[in-house]
Each structure stands twice: as C-alpha cells, then as structure tokens.
C-alpha cells in the first residue's frame, strides 16, 4: 500500500484520494481503497446493470489529426497525447469514476465545436481520448474487439467541449 511520506500509518485511497489508517484500507488488484469505496465499488459492479453509462465532459476539443499529419513533429504529437491523457485522468478522479477496467463498451464522442464549419469525423478519430481512457484505467483496451466507437459533431458557440459517453456492456 502506498504510504504517505512523513505521515506515520496514513494511506491514500486511490479512488476518493482521502487519507486513512491502515485498518481502514483494502488492496484490490494492487490498488489501495478505503473501506467506504470498496463497499461502493462492490455495489456498483455487483449491480452493474444499474450503471449502464458513464459521462465525462472536458471543456476542450482534441486537435484534428490534420494538425500532425506530414509535420514530422513527433514531440508535439506526444506532448498533446500526454496532455489529453492527463486531462482525462484528472476528470476521472474528479468525478470519482470507478477505475475498474470496462472490458466491452460503446464509446460515443460528442464534439461541440465553436463554429458550424464543416469537419470530417475521421480527422477527430478519438485517438487521444481513447488512449486517455485506457491510461486512466476506465476501459481495458481500445481495440475493435472491445470498443465500438461513435463520433458525432455539433455546434455550441458558448461552450465548446467534448462529451465522452461510455455505455458499459461488460466489466472485467
């Protein structure tokens, strides 16, 4: 279990990020949880039919694939990919989304652009978002075998964003 430095006998729950004594912690698949979160997570996945979808909203839109094609700037691409992985991870923690890997799902990416300009869906393939969901431990794998991906585009001049909707089909 991860122990806080300079804090004797105090541990952090990986789900709610609260501090607890060792007696209040449980380790599941190498991840530290407090007893409250363990109970809540067990209830969620015991009755997973009741939780059929997760929604994550990020008040930004990932860049178009065209931004990187033919530029040869691998570092810019890697930096953006890392940035989006961190954005998604932070939102998963903030919303207290269970980091139990979802095995099969339908992921719907709803892009809300600032303008009504014509955009090709294949330029917004979801690469940054899907890799972020895998890195955050929300979905197990973003391959065709596990994920059906749907991409939609809308206009919202006041609030451009991406809404990530994960419809759970099977939990690991």
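Listed values, structure above:
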read-out: Global size of the range 53-171 as Cα Rg and Dmax, reported in angstrom; value: 14.0, 39
read-out: Residue-span extension gain [residue 156 to residue 83] - 0.36 nm each, minus C-alpha spacing; value: 24.0 nm
read-out: Net length gained if the chain between residue 172 and residue 148 were fully extended (0.36 nm per residue, minus Cα distance); value: 7.0 nm
read-out: Label point distance in nm, residue 18-residue 74, each placed 7 Å from Cα along Cα→Cβ; value: 4.6 nm
read-out: Efficiency of FRET from Cβ geometry, residue 52 and residue 120, R₀ 25 Å, rounded to 0.05; value: 0.25
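We did not get these values from a lab; they are worked out from the coordinates using the rules stated. Just so you know, these numbers come straight off a predicted model, no measurement behind them. Cβ coordinates were reconstructed from backbone atoms using ideal geometry, including for glycine residues, and neighbour counts include every protein chain displayed.
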